[in-house]
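Everything on this sheet refers to the single structure shown next.
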Amino acid sequence: MTSTAWRAVSESRAGRGAAGLVILFGAAQLALWAGRVSPAAFPLPTTVLGSAAGLVRNGAFVASVGDTMLVWAQAMAITVAIAVPVGLLLGTLSGAERALAPLIEFLRPFPAVVLIPLVLLIVQDDTRTEVVIVVYAAIWPVLINTVYGVRGVDQLARETLRSFGFGPLSIARRVSLPSAAPFAATGVRIAGSIAFVVAVAAELVGTGMNGIGAFTASQESGTGDMAILIAVAVWSGLIGLAINAVFAGAERVAFRWHFALATSTRELP
Amino acid sequence: MLEVTSLTRAFGNHLAIADISMQVAEGELVTIVGPSGCGKSTLLRCVAGLLPPTSGQVVLNGVPVTRVPDRLAVVFQDYSRSLYPWLSVAANVALPLLAATRRGSDRGSRRGRAVRDPAVRDRAASQRAVSQRAVSQRAVSQRAVSQRAARRAVALAALESVGLGGFADRYPWQLSGGMQQRVAIARALACEPVLLLMDEPFGAVDAQTREDLEDLLLRVQAERHITTLLVTHDIDESVYAGDRVIVLTRGPGRVRAEVAVDLPAPRDQITTKERREFARLRAEVSRLVRGTPAPASAPPEISPPEIFQQAP
Ligand SMILES: Nc1ncnc2c1ncn2[C@@H]1O[C@H](COP(=O)(O)OP(=O)(O)O)[C@@H](O)[C@H]1O
Ligand SMILES: [Mg+2]
């Protein structure tokens, strides 16, 4: 590789991440070959790669990814539909936010998975329970970021619109909503990653659920093939990365003005 | 045209402006000058109907101002905060026009509600109301397209008049500070205001740009005879731009004096400012702002502008 190509790779974040993975992969492979770690206790990275490739042709695994992503999509839709309007409301009515803040701080740190038995009792359906659990985990970043975004709406920006004869509702729609939107979107991106992780975790713990977590649990008790378990983890990680990348890309496109402003202020002396 | 009577505004126990009275005639450009914190912005916000006065009143064309009056335009100092970064330059300029049309359609929907209420009691009537609404909605959506085109045309003309014809589809953050403030001025002009209020509009740009913007303001103000109230803390600007200067005292702001400016129009950054009369007015306003009494003897006669003036 030429030195300029090296510099291009080492300067891009993705390039650096990929380099780190290659180094880790190589080190693990070498350690196992050198016999420092018993191959029985830990599969060779090349074996894991083979299993990962094999999973693509494994119908049960592909279906499980579909199940998880379906729950994920439903949960994200519900999360946005609840958290964004509530966040806008709480951000606008400062009294309401102050009244609810302690409750939110109390509810937020609950590990969502702990609630599975309770929700199952109430909802009586495994998939719907999973959706509820995922929504519970994903709702907080969207809610809090939206409130934060509305809070940050510039007073002068509102006053300008008011001076042109706009009423409070028009101001909310034309100033508060657009200027809070990039913050809400950041919340949605964070929620997207959380929702995926929590969905898989719920499937691992919950008994009657489908999806990647359930597939993992079945592999564990069935073949006990560690290479496949790691391969599933690798795929899960890649899906999580992809979710984040898609949201981050959409944010950059939709809120170009927001990032342009952020950069220009940073460049000021 | 604009009449301010005994206007007082307090924030809690803190008096921001006290007992301010003034009058502005149709088409006049009055500048208000005073030290920082003396209540200039508070005065302007009361005149704009953005802030209710504690006592006293503002009357615009015979109507007491209790809310934001129609066809008012305000230009603030901080263009980066009063322009909307998610809207293109043209969309920013067209925005106030939307308020005007919206007011019309709000009235329409209120009428619609009046139709709906009795209809709840009568099923047949309610069905008739629904079909009527569907027809009128189709007409409204066709009208919306042509209205949007009309708003854009007005915005483009306003941008043209401030020398930004080619920048309609840029975004504010892609422009320099001076250009952004031109956009804000274009936006104010687009709604054909009867009253233009400017709160230190040129305070955040460099000296050269500031002079250009002052001249731009004087040109469009003269062309359109817009009654204008310009707040500034810059004494030169208050004299250069004003038909009349109102000097406020240190906070709580009161009217210390009014100074008539009879410098000939059109004004020019160089020739107007080298006039002896300009120097005299500037010194007078300066003393009033500082609160130092005029010297008993005549002011020193040798000042640089005068020397320039003696040259042919
Ligand atoms: N919203 C407000 N709440 C409390 N005090 C205010 C508010 N706005 C202005 N003031 C006070 O009123 C005084 C005049 O302020 P302002 O009108 O902004 O002055 P200027 O524009 O001349 O610099 C200042 O002492 C300021 O602290
Ligand atoms: Mg001010």
Considering every residue within segment A:98-113, establish whether at least one is in contact with a Gly (Cβ under 8 Å, 6 or more places away or on another chain) and part of a helix (DSSP H, G or I).
-> no
Going by the conditions given, is residue A:87 within 14 Å of chain B (Cβ to nearest Cβ) and in contact (Cβ under 8 Å) with a residue 40 or more places away in the chain?
-> no
May I ask you to verify whether residue A:55 is in a helix (DSSP H, G or I) and under 22 Å from residue A:133 (Cα atoms)?
-> no
Have a look at B:12, B:37 and point out the one that is surrounded by fewer than 18 Cβ atoms within 10 Å (Cβ to Cβ), within 16 Å of ligand 2 (Cβ to nearest atom) and not assigned by TED's automatic domain parsing to the domain that holds residue B:184.
-> B:37
Quick one: in segment B:33-48, of everything that is under 16 Å from residue B:8 (Cβ atoms) and more than 9 Å from ligand 1 (Cβ to nearest atom), which residue is farthest from the other protein chains (Cβ to nearest Cβ)?
-> B:46
For residue A:153, the lone unmet condition from (1) assigned to a helix (DSSP H, G or I); (2) under 23 Å from residue A:251 (Cα atoms) is (1)
On the given criteria, is residue A:181 surrounded by 14 or more Cβ atoms within 10 Å (Cβ to Cβ), hydrophobic (A, V, I, L, M, F, W, C) and touching a residue at least 12 places away in the same chain (Cβ under 8 Å)?
-> yes
In the set B:260, B:279, B:241, B:283, the lone residue that is hydrophobic (A, V, I, L, M, F, W, C) and either in contact (Cβ under 8 Å) with a residue 40 or more places away in the chain or within 23 Å of residue B:76 (Cβ to Cβ) (or both) is B:241
For residue B:163, are the conditions met, namely being part of a loop (DSSP other than H, G, I, E, B), assigned by TED's automatic domain parsing to the domain that holds residue B:65 and among the small types (Gly, Ala, Ser)?
-> no
How about segment A:197-269: which helices (runs of 4 or more DSSP H) wholly inside it have at least 3 residues that are more than 14 Å from chain B (Cβ to nearest Cβ)?
-> A:212-221, A:226-254
Filter pass, residue B:286 being within 16 Å of ligand 2 (Cβ to nearest atom) and not aromatic (Phe, Trp, Tyr) = no
Could you say which residue among A:175, A:86, A:147, A:114 is farther than 23 Å from residue B:81 by Cα and at pLDDT 90 or above?
-> A:86
Considering only residues of segment B:246-281 that are in contact with an Asp or Glu (Cβ under 7 Å, 6 or more places away or on another chain) and within 16 Å of ligand 1 (Cβ to nearest atom), which is farthest from the other protein chains (Cβ to nearest Cβ)?
-> B:254
Across segment A:151-169, which residue is farthest from residue B:76 (Cα to Cα) among those that are surrounded by fewer than 19 Cβ atoms within 10 Å (Cβ to Cβ) and within 7 Å of chain B (Cβ to nearest Cβ)?
-> A:154
Which one of these does residue B:207 not meet: (1) free of Cβ contacts under 8 Å to residues at least 24 places away in the same chain; (2) touching a Lys or Arg at 6+ places or on another chain (Cβ under 9 Å)?
-> (2)
Look at residue B:193 and say whether it is assigned to a loop (DSSP other than H, G, I, E, B) and either within 16 Å of residue B:31 (Cα to Cα) or within 16 Å of ligand 2 (Cβ to nearest atom) (or both).
-> no
Kindly check whether there is at least one residue in segment B:60-73 that is within 28 Å of residue A:166 (Cβ to Cβ), in contact with a helix residue (DSSP H, G or I) (Cβ under 7 Å, 6 or more places away or on another chain), in a strand (DSSP E or B) and within 12 Å of ligand 1 (Cβ to nearest atom).
-> no
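The values are calculated or read from the model by the stated rules, or taken from the named source; none is laboratory data. The shown structure was predicted, so the numbers you read here are calculated from the model rather than taken from an experiment. Note that each Cβ is placed from the backbone with ideal geometry, even for glycine, and that neighbours are counted across all protein chains shown.
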